[in-house]
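A short worksheet on the structure shown next.
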Amino acid sequence: MGIFDRLSTMIRSNINDLITRAENPEKVLNQLIVDMKSDLAKAKQQVASAIADEKKLQSDAEGMKKQAEDWERRAMLAVQESRDDLAKQALMRYNEHLQGAQQLHETWVKHKAETEQLKLALR
């Protein structure tokens, strides 16, 4: 076993010596800079994607709220025309859209906070 240990030690020391001689600090630093620039570009892309998602969520929440308002208006018109069955259906749709809008708004608020954290991390 002593021979194999000595042979293993010799091979490892020669490989380490080759790596040490081949290693150029300037090249290593340049590669680190290239890697960091690549990581920065990826981070910027992720932040931009998060911002786009945030704006879409906000738009969807506002759209859902407008639909709820439309259904509320339709319910009022149905009541004015004494169409209780239509008013009931319109109020059900109003409640569905209002709940959806509230859920989207809550999701948007959470996503906005996460996006702000990403922006700060990027800076």
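Just so it is clear, none of the values below were taken in a lab; they were calculated from the coordinates. Computed from a predicted model, the values in this text were never measured in an experiment. Neighbour counts run over all protein chains shown; Cβ positions are idealised from the backbone, glycine included.
Calculate the dipole size of the chain relative to its Cα centre from +1 charges on Lys and Arg beta carbons and -1 charges on Asp and Glu beta carbons; express the result in debye to the nearest 20.
Values: 20 positive and 20 negative charges, 75 e Å.
Dipole of the chain, to the nearest 20 debye: 360 debye.
With a cut-off of 17 Å on the backbone N, the residues of the range 40-79 near the modelled label site 7 Å out from L86 along Cα-Cβ are 70-79.
Exposure proxy for T20, T115: other Cβ atoms within 10 Å of each Cβ, ordered fewest to most, give T20, T115.
S8 to V28: FRET efficiency via 1/(1 + (r/R0)^6), r the Cβ-Cβ distance, R0 22 Å, to the nearest 0.05?
Details: r = 27 Å, r/R0 = 1.24.
In this case the efficiency is close to 0.20.
Neighbour counts of C-beta atoms inside 10 Å place R12, R74 in the sequence R12, R74, starting with the fewest.
Helix-only mean residue ellipticity at 222 nm, the chain, DSSP H runs n ≥ 4 weighted -39,500 (n - 2.57), per residue, nearest 500. What is it? Each step should come with its number before you reach the end.
Values: 3 runs with 116 residues, N = 123.
Roughly -35000 deg cm²/dmol at 222 nm, from the helical runs in the chain.
As a size descriptor, the averaged projected area of the C-alpha convex hull of the range 45-123 was calculated at 5.0 nm².
Ordering Y94, V109, I3 by the projection of their Cα atoms onto the charge dipole of the chain, which places +1 on the Cβ of Lys and Arg and -1 on the Cβ of Asp and Glu, puts I3 at the extreme positive end. Could you work out how far the C-alpha centroid of the range 2-44 sits from that of the range 50-123, in angstrom? Between the Cα centres of the range 2-44 and the range 50-123 lies a distance of 55 Å. Distance between the modelled labels on E69 and A52, one decimal in nanometres: 2.9 nm (7 Å Cα→Cβ projection).
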